[in-house]
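Notes follow once the structure below has been shown.
The values are calculated or read from the model by the stated rules, or taken from the named source; none is laboratory data. It should be emphasised that the depicted structure is a prediction, and the values quoted were computed from it without experimental measurement. With ideal geometry, Cβ positions are generated from the backbone for all residues, glycine too; neighbour counts draw on all protein chains shown. Only protein heavy atoms, including side chains, enter the accessible area calculation; ligands, DNA and RNA are left aside. Shrake-Rupley method; radii C 1.70, N 1.55, O 1.52, S 1.80 Å.
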Amino acid sequence: MQEDNKEEFKRELGLMDGTMLVVGSMIGSGIFIVSSDMVRQLGSAGWLIAMWVLTGTITVIAAVSYGELSAMFPKAGGQYVYIKEAYGKLIGFLYGWSFFAVIQTGTIAAVGVAFAKFTAYLFPIVSDKNILYEIGDFNLNAAQIVSIFTIVLLSYVNSRGVKNSKTLQTFLTVIKILSLAGLIIFGFFAAKAEVWDANWTNAWVSSSLDVTTGSWMPISGITLISAISAALVGSLFSSVAWEGVTFIAGEIKNPKRNVGLSLFLGTSIVCVIYVLANLMFLAVVPLQEIATAPSDRIGVVASQYIFGAIGTLIIAVMIMISTFACNNGLIMTGARVYYTMAQDGVFF
């Protein structure tokens, strides 16, 4: 009988690489935006922090659960493999193709657009207002070109091997963590006691902002539960993509230990950063301004309070680094799902 000479991935990634992949993939632009809508839904500092703590708890529990699954199936494919083993090949096939056609590709495109949008703060020529080509209802703008270029560039870097992409991911993620830590620290130094005290005066009085009138309406009961659910959408959205490390388990050294541990460490680091960032927002920006931040960009408003006029550019650079690293992580890990699907005969 002829032996199966199927190629296998080299295990090039250690615990640090896996942890940085989790952190880098999770932190995008959400932390700089979603808290504004969360405050509009719930109307108080206590409820805002409670939602981020709840989100962190859910995220870490889910990550630890995936760590157990990765120990059972320590190979490339992650969530696709788990779904296939749990629910059968058909459901795995449907998930894999949905992942290819919508989930991963759509997320990469959205993160690319976020990168381009904040690049325009530094270089207005690449704004989405700069229309380069137009025919009928279709138009191509400079921001879309920037988005496409970054995705192609990162795809090329990843095609050259996992060593290049892991080095880039670790480097960008360390910068991302340090800059976020710097923003939080400078924010607490710039904190105003009167702002902090005012924001926490009615910490557990829940209310919803009527955006048409600008007035707050008390909520309770079913309305409060609905508001909590709506607020969690934003915080949970900002806390996804940690599962990407399971897609690349076939290239992690000692995966039965390191995949689960990198999931736990990575999600814990991000959740602590998110809670601290929101405490910093509450120490710097009045609650009403958090709720009514232009385009929900609470990060920009907070940075302006801390650094003055240059704050907008500082946040723009931070989000550029953040989204670039996020997309590198998504592109690096997603390809391993398609590889595993191809091995199963359900992909090209």
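Observations on the structure shown:
- Only one of the numbered conditions (1) of a type in the set (D, E, K, R); (2) more than 19 Å from S29 (Cα to Cα); (3) assigned to a helix (DSSP H, G or I) is violated by E134, and that is (3).
- Taken together, G311, G299, G266 contain a single residue that is closer than 16 Å to L15 by Cα and touching a helix residue (DSSP H, G or I) at 6+ places or on another chain (Cβ under 8 Å), which is G266.
- Residue in the stretch 323-337 that is assigned to a helix (DSSP H, G or I), more than 30 Å from W97 (Cβ to Cβ) and either open to solvent by 30 Å² or more (accessible area, probe 1.4 Å) or touching a His at 6+ places or on another chain (Cβ under 9 Å) (or both) present: no
- Complete set of residues in the stretch 242-259 that are among the polar types (S, T, N, Q) and at negative phi: T246, N258
- For the stretch 274-294, the count of residues that are within 29 Å of V60 (Cβ to Cβ) and acidic (D, E) is zero.
- Number of residues in the stretch 201-233 that are within 20 Å of I33 (Cα to Cα) and either loosely packed, with under 11 Cβ neighbours inside 10 Å or among the charged types (D, E, K, R) (or both): the value is 4.
- Helices (runs of 4 or more DSSP H) wholly inside the stretch 14-98 containing at least 2 residues that are farther than 25 Å from S322 by Cβ: 45-72, 79-87, 89-98
- Scanning the stretch 262-305 for residues that are among the hydroxyl-bearing types (S, T, Y), open to solvent by less than 10 Å² (accessible area, probe 1.4 Å) and under 27 Å from L69 (Cβ atoms) yields S262, T267, Y274.
- Inter-residue pairs, beta-carbon under 8 Å, first assigned to a helix (DSSP H, G or I) and in the stretch 188-208, second open to solvent by 30 Å² or more (accessible area, probe 1.4 Å) and not hydrophobic (A, V, I, L, M, F, W, C), 6+ apart: V195/P286; A198/P286; N199/P286
- Screening D128 with (1) surrounded by fewer than 18 Cβ atoms within 10 Å (Cβ to Cβ); (2) not in a loop (DSSP other than H, G, I, E, B) gives one miss only, at (2).
- When M341 is tested against (1) buried (at least 23 other Cβ atoms within 10 Å of the Cβ); (2) among the hydrophobic types (A, V, I, L, M, F, W, C); (3) farther than 26 Å from V102 by Cα, only condition (3) is not met.
- Of the residues G88, G96, the single one that is surrounded by fewer than 19 Cβ atoms within 10 Å (Cβ to Cβ), at pLDDT 90 or above and under 30 Å from G345 (Cβ atoms) is G88.
- Residue among T167, T150 that alone is in a helix (DSSP H, G or I), surrounded by 15 or more Cβ atoms within 10 Å (Cβ to Cβ) and β-branched (V, I, T): T150
- The residues of the stretch 74-85 that are closer than 20 Å to G329 by Cβ and either surrounded by fewer than 17 Cβ atoms within 10 Å (Cβ to Cβ) or of a type outside the set (V, I, T) (or both), listed by number, are P74, K75, A76, G77, G78, Q79, Y80, Y82.
- Filtered residues of the stretch 306-320 (kept if under 21 Å from the mean Cα position of the chain (by Cα), at pLDDT 90 or above and open to solvent by less than 40 Å² (accessible area, probe 1.4 Å)): I315, A316, M318, I319, M320
- Going through (1) more than 23 Å from I27 (Cβ to Cβ); (2) at pLDDT below 90 one by one, S159 falls short only on (2).
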